[in-house]
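Have a look at the structure below before the remarks.
Each value in this text was obtained by applying a stated rule to the coordinates, not by laboratory testing. Here the structure is a predicted model, which is why all the values come from computation and not from measurement. Don't worry about glycine lacking a Cβ; one is built from the backbone with ideal geometry, like all the others, and counts go over all protein chains shown.
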Amino acid sequence: MNMPGPDSGIARFLTKICDLIFLNVIFILTCCTVVCFGAAVTSLYMTALKLHHDRDCTPVRDFLRNLRKAFTASTPAAVLLLADLTLLAVLYRALYAETLLFPPELFVLFCIAAVILTAILSWLFPLLACFENTFSRHLGNAARLALANLPITFFITAVNLLPVLVLLFLPQFFGPFLGAWLLIGAGLGAYVNLFYLRGIFNR
């Protein structure tokens, strides 16, 4: 029986999956140090972008190299990301609290704010990974791109919120999903998002 060669479609697919697993694991480990959180997300996208272009990408080495490059530029974005995660955690706590934590109108307002912030961050980190610019211009570009490309914004935001969506709507599957996400989820999500974002960035 003929075995697939290193250049076959199956071999390339399995190599890509292994690369994404290595990338995801080093990303999760780096996120454990909260100080590197923002830089880790930017480095995740930088390395995922290289995986799109370069078959010789070494995920762990490239991620760590990109982490050093992205640290300073990603600090303001990290503050926004931590604020977004905190808001999502508060909303989840309020949703299942035995007593009403704040009025329903305020809850809806916070939900809208969390979705908008997540949508902007879904564009912001790929922009930080792909381009050099001031943070204020990156943030403005992220907001404009999110509004100008609503179908793509909806998709990448849903990808980034997938753990939250599974927890809310399919809690019985959250355990297995969390295990899969910790193995490959973040790396695969960044890779899939860049599949759609690259065409827009190239224009």
Could you tell me whether the chain comes out rounded, prolate or oblate from its Cα gyration tensor? Rule is a ≥ b ≥ c as square roots of the eigenvalues, rounded for a/c under 1.5, then prolate if a/b exceeds b/c, otherwise oblate.
prolate
Please work out how much length the chain gains when fully extended from T58 to Q172, using 0.36 nm per residue of separation minus the C-alpha to C-alpha distance, in nm with one decimal.
37.5 nm
Treating only the Cβ atoms of Lys and Arg (+1) and Asp and Glu (-1) as charged, compute the dipole magnitude of the chain about its Cα centre; round to the nearest 20 debye.
480 debye
List the trypsin sites (Lys or Arg not before Pro) in segment 1-105 that DSSP assigns to loop (not H, G, I, E or B) and whose Cβ has at most 16 other Cβ atoms within 10 Å. Which are they?
R55
Loop sites in segment 81-158: chymotrypsin sites (Phe, Trp or Tyr not before Pro), DSSP, at most 14 other Cβ within 10 Å:
Y96, F131
Choose one of L67, T86, L178: the residue whose Cα lies farthest towards the positive end of the charge dipole of the chain (beta-carbon charges +1 Lys, Arg; -1 Asp, Glu; about the Cα centre).
L67
Expressed in angstrom and rounded, the centroid-to-centroid distance over alpha carbons for segment 37-68 and segment 106-137 is 20 Å
